[in-house]
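Asks: Have a look at this one before I ask anything.
The values are calculated or read from the model by the stated rules, or taken from the named source; none is laboratory data. Everything numeric here is computed off the predicted structure, so don't read it as measured data. Backbone-built Cβ (ideal geometry, glycine too); neighbour counts: all protein chains shown. Calculation scope for accessible area: heavy atoms of the full protein, side chains included, ligands and nucleic acids excluded. Shrake-Rupley method; radii C 1.70, N 1.55, O 1.52, S 1.80 Å.
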Amino acid sequence: IEMSYEGTAIDGPGVTRYQLRDSVVSYNTIRSDLWKDLISVFCELLARTYPSAGVILPKDVETKIEGVVSPNVILGHFGAITGTNSFEDVNALAVIGRQAVSPEFFEEQTSALTRQTVNNVGEQKWYDKASRQIFYRDGLRGWAVETDVHPDPLVEAARKSLTTASLEQALGRGRNVRRPQEKPLTEFVLTNTPTERLVDGTFSLNEFKAATGWIGALLSSGIWLQPGKGAEILYFILKAQR
């Protein structure tokens, strides 16, 4: 059996990918009511922009927006997408968030499985930060991001097997390898965790919130505002209603 390995995921010529660059967006973050609203608006914008779209996110968040978003948006959640082909024909795929588990959990599990003493993070109680890059499509340029890393290589491998690996698996549901220009796919990665996938651009959390705030809500309802005198009052009206 001959096995070959590519250091980066191979995309078909029809793939375009954008990634968040300045926030982890953990599961706990997107469980809030605010994020439920942001994600709901984002789903509606995807439904209006693409013939079909898919969104993968935590299960409890999926439950909150299920039945609310457009039927043109296929929903799925982490932990229940292995082998699924539900997203292989979508024109847009968004993967929202990534799991974050405490260092203590991984330290205990790794020590028990390997029967070795592992280093722990000590009194800081959370992971160190290391500088990594989200690479641009040419593979030569990128955006520096701060990401979690455990000082013990064995524990770090365990951490990545849950966080990064589940993210990679979710992104693979769009079958990016088998995407010619006649069958395009646009991906949105809503976490700054670096993957083995090259990107065509990045965006900030503030830019995402701006697009999915009250302006996005109006656009998703088919309302377009012309700039002009008095338009800014809508911001205060809608803020008061929230």
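Asks: In segment 196-206, what residues are surrounded by fewer than 21 Cβ atoms within 10 Å (Cβ to Cβ) and touching a strand residue (DSSP E or B) at 6+ places or on another chain (Cβ under 8 Å)? Break it down stepwise before answering.
Replies: Of segment 196-206, the ones surrounded by fewer than 21 Cβ atoms within 10 Å (Cβ to Cβ) are 196, 198-206.
Listed by number, the residues that qualify are 198, 199, 200, 201, 202, 203, 204, 205.
Asks: Taking segment 127-164 as the search range and keeping residues that are within 24 Å of residue 200 (Cα to Cα) and of a type in the set (Asp, Glu), which one is modelled with the lowest pLDDT?
Replies: Looking at the filtered set, the residue picked out is 148.
Asks: Take residue 130 and tell me if it is hydrophobic (A, V, I, L, M, F, W, C) and either assigned to a loop (DSSP other than H, G, I, E, B) or open to solvent by 50 Å² or more (accessible area, probe 1.4 Å) (or both).
Replies: Details: hydrophobic (A, V, I, L, M, F, W, C): yes; either assigned to a loop (DSSP other than H, G, I, E, B) or open to solvent by 50 Å² or more (accessible area, probe 1.4 Å) (or both): no.
So residue 130 fails the test.
Asks: Taking into account only those residues within segment 102-127 that are of a type in the set (A, V, I, L, M) and surrounded by 15 or more Cβ atoms within 10 Å (Cβ to Cβ), which is nearest to residue 194 (Cα to Cα)? Show your work before the answer.
Replies: Initial filter on segment 102-127 (of a type in the set (A, V, I, L, M)): 112-113, 118, 121.
Filter once more, keeping what is surrounded by 15 or more Cβ atoms within 10 Å (Cβ to Cβ): 118, 121.
Details: 118: 25, 121: 22 Å.
Step by step, filter segment 102-127, then rank; the result is 121.
Asks: Please identify the pairs in which a residue from segment 78-89 that is within 14 Å of residue 61 (Cβ to Cβ) has its Cβ atom under 8 Å from the Cβ atom of a residue that is at pLDDT 85 or above and part of a loop (DSSP other than H, G, I, E, B), counting only partners at least 6 apart or on another chain.
Replies: As it stands, the answer is 78/58, since those pairs meet every condition given.
Asks: Pairs needed: first member in segment 53-77, at positive phi; second member anywhere, open to solvent by 10 Å² or more (accessible area, probe 1.4 Å); C-beta distance under 6 Å; at least 6 residues apart or different chains.
Replies: So the pair list comes out empty.
Asks: Residues in segment 133-179 that are of a type in the set (S, T, N, Q), more than 16 Å from the chain's Cα centre (by Cα) and surrounded by 15 or more Cβ atoms within 10 Å (Cβ to Cβ): how many?
Replies: Total satisfying the criteria: 0.
Asks: Going by the conditions given, is residue 88 farther than 23 Å from residue 203 by Cα, open to solvent by 20 Å² or more (accessible area, probe 1.4 Å) and not in a strand (DSSP E or B)? Outline the logic, then answer.
Replies: Numbers: farther than 23 Å from residue 203 by Cα: yes; open to solvent by 20 Å² or more (accessible area, probe 1.4 Å): yes; not in a strand (DSSP E or B): yes.
For residue 88, the condition - farther than 23 Å from residue 203 by Cα, open to solvent by 20 Å² or more (accessible area, probe 1.4 Å) and not in a strand (DSSP E or B) - is met.
Asks: If you don't mind, another one. Could you tell me how many of the residues in segment 91-112 are under 30 Å from residue 13 (Cβ atoms) and part of a loop (DSSP other than H, G, I, E, B)?
Replies: Narrowing segment 91-112 to residues under 30 Å from residue 13 (Cβ atoms): 91-98.
Applying the additional criterion that residues be part of a loop (DSSP other than H, G, I, E, B) yields 91, 97.
Adding up the residues that qualify gives 2.
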